[in-house]
Amino acid sequence: MKRFLKWVGIVFVTLIVIGFVSLKFIVWPKVDADMNPVTAHTPFNVSEKAKALHDELWVADLHSDNLLWRRNPRKRHDYGHVDLPRLEEGGVEFQIFSAVTKSPKGLNFDENDANAPDDITTLAQAQLWPLRTWGSIYERAAYQAQRLQKLERQGEVHIVRTSADMTKTDRLLGLLLTEGAHPLEGEIANIARLKAEGYRAMGLQHFFDNELGGSMHGTSQTGLTEFGRDAVLEMRAQGIIIDVAHSSRAVVRDVLELTKDPIFVSHGGTIAHCPRTANRNLPDDILKQIAARGGIIGIGYFNGAICDISPDGIADAIIDAATLLGPDAVALGSDFDGTVTTSLDTSELAAITDALLRRGMNRENIRKIMGGNARRFFVENLPVE
């Protein structure tokens, strides 16, 4: 009997090992690759002039969901959009890392029910996140912050917490952003807890209505709730910058009335450039108000935010946004690794610089849009200490 039990134990452990190896080397990479594809293409033809300019740029991207995936960010991958080696190849100096913590099944730009089954619960379990994250939205945000903290301890990233951090040059600068404020779980005190984990920017909504108010893609289209108003004021009191990328029009108007501080749109586009994006992008008049008070709008690289996701199409969306809002209000907001299809990954950003040059944008404005505007915005709006 002892011999039999020993063999049963060996078989059981072997099956566990085989299962884990299958998850790590087959299942996780396949799901990641399927959810974050790059369209097949030959290498982009980037002129020597554009390469030289791109090498001089301080490049910033306002939105990547890289922390959602089990992929090791220290290694270069041939799938997905972002990892540290590819960020370096693309000349990126500053990357905002967004924490996705809840996503309703059947997600779409038109209407989502906040009570629909949550895909992030399934993803957290399938990727063997800590048990504490399986039932807590707050803990999912904390865990993703802790993944970036680990990279900081390894000397790979410097997490931006203050205005002065934006001047550091020895490694990649990373800023933490919640994609929606549902990690607060209805508790104002969680703003301070998330700030302690390193968050310095918070979206208010994602694809569904939450305790703070209506989402652009929710069912209510309402403005800020009483809790939402209190949360916005507390965020600002604590030096947290507000992102309204997925908020309802009514919420954004309420925020603009409630606080005179600059806010931003981490990833999106303009309806003027692509009218069929009216279910994803804020109206142009709201974007103009955001720009007028010193805010910035990150242009996404995905269908829904813009009409053409090629480098030329991204450049066209950027140029039209700069014409509409002014060149000081436009930035890059890829949404890399955000379960979107893109035409390039972060190592290929010089193709956008090339397209902007070919379309006649001057070097000063290219410098602003590729990163200068983002640097100014965060230097001016992050806490001093």
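The values are calculated or read from the model by the stated rules, or taken from the named source; none is laboratory data. In this text, all values refer to a predicted model and were calculated from it rather than measured experimentally. In this analysis, Cβ positions are derived from the backbone assuming ideal geometry, glycine residues included, and neighbour counts consider all displayed protein chains. Heavy atoms of the whole protein, side chains included, go into the accessibility calculation; ligands, DNA and RNA do not. Shrake-Rupley method; radii C 1.70, N 1.55, O 1.52, S 1.80 Å.
Evaluated against (1) of a type in the set (A, V, I, L, M, F, W, C); (2) closer than 13 Å to residue 296 by Cα; (3) open to solvent by 10 Å² or more (accessible area, probe 1.4 Å), residue 264 falls short on exactly one condition, (3). Based on this model, can you work out whether residue 102 counts as touching an Asp or Glu at 6+ places or on another chain (Cβ under 7 Å), part of a loop (DSSP other than H, G, I, E, B) and open to solvent by 70 Å² or more (accessible area, probe 1.4 Å)? No, not satisfied.
Would you please name the residue that is most open to solvent (accessible area, probe 1.4 Å), looking only at residues in region 105-147 that are among the hydroxyl-bearing types (Ser, Thr, Tyr) and out of contact with any helix residue (DSSP H, G or I) (no Cβ under 6 Å at 6 or more places or on another chain)?
Looking at residues that are among the hydroxyl-bearing types (Ser, Thr, Tyr) and out of contact with any helix residue (DSSP H, G or I) (no Cβ under 6 Å at 6 or more places or on another chain), I get 122.
Let's see how each residue does on (1) within 16 Å of residue 96 (Cβ to Cβ); (2) of a type in the set (Gly, Ala, Ser):
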residue: 184; (1), (2): no, no
residue: 191; (1), (2): no, no
residue: 197; (1), (2): yes, no
residue: 201; (1), (2): yes, yes
residue: 216; (1), (2): no, no
residue: 224; (1), (2): no, no
residue: 231; (1), (2): no, yes
residue: 243; (1), (2): yes, no
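The criterion of being surrounded by fewer than 24 Cβ atoms within 10 Å (Cβ to Cβ) and either among the hydrophobic types (A, V, I, L, M, F, W, C) or touching a Ser or Thr at 6+ places or on another chain (Cβ under 8 Å) (or both) holds for residue 320.
If you take the residues of region 339-362 that are in contact with a His (Cβ under 7 Å, 6 or more places away or on another chain) and small (Gly, Ala, Ser), which of them is nearest to residue 286 (Cα to Cα)? This residue is 343. Taken across region 121-136, residues that are within 17 Å of the chain's Cα centre (by Cα) and not acidic (Asp, Glu) do not occur at all.
Okay, residues lined up against (1) within 17 Å of residue 65 (Cα to Cα); (2) open to solvent by less than 10 Å² (accessible area, probe 1.4 Å); (3) of a type in the set (Asp, Glu); (4) under 19 Å from the mean Cα position of the chain (by Cα):
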| position | (1), (2), (3), (4) |
| --- | --- |
| 300 | yes, yes, no, yes |
| 307 | no, no, no, no |
| 324 | no, no, no, no |
| 330 | no, yes, no, yes |
| 336 | yes, yes, no, yes |
| 341 | yes, no, no, yes |
| 345 | yes, no, yes, yes |
| 360 | no, no, no, no |
| 365 | no, no, no, no |
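Within region 171-215, can you find the residues that are aliphatic (A, V, I, L, M) and open to solvent by 10 Å² or more (accessible area, probe 1.4 Å)? Those that are aliphatic (A, V, I, L, M) and open to solvent by 10 Å² or more (accessible area, probe 1.4 Å): 172, 188, 189, 192, 196.
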